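Notes to accompany the following structure.
A short reminder: the numbers here are calculations on the coordinates, not readings from a lab. Because the structure is a prediction, the values reported are computed rather than measured. So basically every Cβ, Gly included, is an ideal-geometry build from the backbone, and we count neighbours across all protein chains shown.
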Amino acid sequence: MPELLDALSLPFFQRALLAGSMLGAALSYFGVFIVQRGMAFMGDGLAHAAFGGVALGLLLGWEPLYIALPFTLLAALGISWLRERSRLGNDTTIGIIFALAVALGIVFLSQKSGYSVDAMTYLFGSILAVSRTDIWASAAVLLLALLSLPLWGRLAYASFDRESAQADGLPLRLHDGLLLALLALSIVVAVKIIGVILLSAFLVIPAASARLLAGRFSAMSLSAVLLGAACCIAGLLLSYLLDLPSGAAIILTQVAVFALCLILQGRNTSTLARPG
Amino acid sequence: MEANNPASLAPALRASGLSLRLGTQLVLEDLALEVPRGSFCAVLGPNGGGKSSLLKLILGLHQQDSGSLEVFGEPAPARHVRIGYVPQAKTLDRSFPAQALELVVSGLSRSWPWRISPSQRQAAMQALQQAGALELSERQISVLSGGELQRVYLARALARQPELILLDEPAAGIDAAGEHDMYHVLESWQHASGATVLMVTHDWGAAFHHASLALVLSRRLLASGPPQQVLSDETLRLAFGHHGHSHSMSWHAPHSHPPHNPAPRPPEAPHA
């Protein structure tokens, strides 16, 4: 316990907890739509696209965040455009744009000497080097997630039954575009803290854990947000206590929670009355 | 509202010169048809014959390339007509965490409910009761049988008090008892409400027994009229023979339709 109190009094740790829990909550909120729409690979693809933007920012010597944001939005648009033009599947077009962005990122970094430390930070994340800017950016992401709450019902309806939502005249393209833009923005902000490689876990694992236990989409959304934030806090404490890399400690916590939910779900379904 | 207005005499559905191209394929060509109000209309024909595309045009999911399509006198998509839609059960996402009641309410509010208001609950429960699915209201959709889920979808459509109800292969994937229940619900609801039913189906037997009007589509309208007249050997041969669909090779037309009941159920046209 004294060790934990020590940690909590450290400014860098406080910043990490604050930014991590805000991003964990926001990413898990978008994650429920990602999981339910089968778009997990999109999250992974956009995180890798953000890497290309970050590398360009490092090469130009500008704040990587400001370059990565338009770069990632462009990648999201590129995926949509390529899919419509080529009639290839979503996963195929994501795979192509994903590879293009990473390849560009590597080319950009190779043009800059002494890149390896920065590059490693963006690949694996550095939640313990959270700046004030990162906290403001994380707060902005959380605020945008909150501002998008009035769309929850429409997004959920279209996630469940797209045809009916379209027949009812919902502006699906606008809603999809907004979801994708919010997703791209959250990913860009989270890349520095969580890292390209592990980012999709933040979108997928808390939402999937919530899905295992929740019987209603509203309950799934709420529990995903709570789990996303809680796993971040628990993972960071664990990383401090056991001296583990923070991003990996958070993901391992998320997976442990997922396993627990899986066990609990097994118990629930074995006692549920099944229809004849 | 409009359905009760005697001044408005437009049929439930009227198409003329209707053509639809999807990609390079001409799915509907110069289609003309009319479905009177209050009909129980079965839309039949081979796969790729444009049955589901016609439903999607009515719903506004496709846009025709030429011609006109009017629903109760309003060009499709007719946003002022209350339309209930029962999609194909196999296309639905059963992994979505939802209770049957929420599903019905989503049809009422055109949005997924965070919480259900007392008035929404009352309307949804009434629709579930009409569809014979009241006892399913609190169940998870993931544990419902095919027939049960179909009745919940029917309840979602009925909750809108539709003037027109559209069904896409409603009997696909449900057992005989479930099918019987569903047609029973549909017929008694239609009898009470006077609404129009448009059902896309592969099941010529169901059309024969339940429909008042049969439309046979294979890109164009091959035949239309009372099922007892329309569903003849000649129509079947036209529908399944002349486009060279592979399944027509293994299919045997009924030797004849007895003009009087009891009619043996005509064999189902095979699925592709």
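Assorted remarks:
- Listed by chain and number, the lysines whose C-alpha is less than 26 Å from the C-alpha of B:LYS90, apart from same-chain residues fewer than 8 away, are B:LYS51, B:LYS56.
- Once the Cβ-Cβ distance of A:LEU8 and B:THR24 is raised to the sixth power relative to R0 = 56 Å, the FRET efficiency obtained is 0.30.
- Label positions at B:ASP233 and A:LEU144, each projected 7 Å from the Cα along the C-beta direction, are separated by 6.9 nm.
- Across peptide A:9-16, the mean count of Cβ atoms from other chains lying within 10 Å of each residue's own Cβ comes to 0.
- Estimated inter-spin distance, A:ALA234 and B:HIS209, nm [label 7 Å along Cα→Cβ]: 5.5
- Each listed q (0.06, 0.07, 0.08 Å⁻¹) maps to a log10 I(q)/I(0) for the protein assembly as shown, found by the Debye formula over equal Cα scatterers with no solvent: -0.39, -0.51, -0.64.
- FRET efficiency for A:TRP62 and A:ARG132, using Cβ-Cβ distance with R0 set to 22 Å, rounded to 0.05: 0.75
- Where the alpha-carbon atoms of region B:53-148 are placed on the principal axes, they occupy 45, 29, 25 Å, in descending order.
- Counts of other chain beta carbons within 10 angstrom of each beta carbon in peptide A:149-156 average 3.
- Convex hull volume per residue for chain A, taking Cα atoms only, in Å³: 142
- For peptide B:139-151, the mean count of partner chain Cβ atoms within 10 Å of a residue's Cβ comes to 2.
- Unit Cα scatterers, Debye sum, region B:83-196: log10 I(q)/I(0) for q = 0.17, 0.19 Å⁻¹: -0.74, -0.94
- Cα shape, region A:48-177, gyration tensor, a/c 1.5 rule: oblate
- Pairwise FRET efficiency - B:ARG94 versus A:ARG87, Cβ, R0 = 30 Å, nearest 0.05: 0.65
- Ordering of A:8-17, B:209-218, B:230-239 by burial proxy (mean other Cβ atoms within 10 Å per residue, highest first): B:209-218, B:230-239, A:8-17
- Ellipticity at 222 nm from helices only: DSSP H runs of n ≥ 4 in the protein assembly as shown, each -39500 (n - 2.57), divided by the residue count, give -18500 deg cm²/dmol.
- Amide hydrogen neighbours beyond the local backbone of B:LEU222, cut-off 5 Å, H modeled: B:VAL216, B:LEU217
- Region A:123-276 shape via C-alpha gyration tensor axes, a/c threshold 1.5: oblate
- Computed from label points 7 Å out along Cα-Cβ, the spacing between A:GLN265 and A:PHE41 is 2.1 nm.
- Cα gyration tensor shape for region A:131-219, rounded if a/c is under 1.5, else prolate or oblate: prolate
- Sorted into 5 angstrom bins from 0, the C-alpha pair distances of chain B split as 1, 6, 12, 16, 18, 17, 14, 9, 5, 1, 0, 0 percent.
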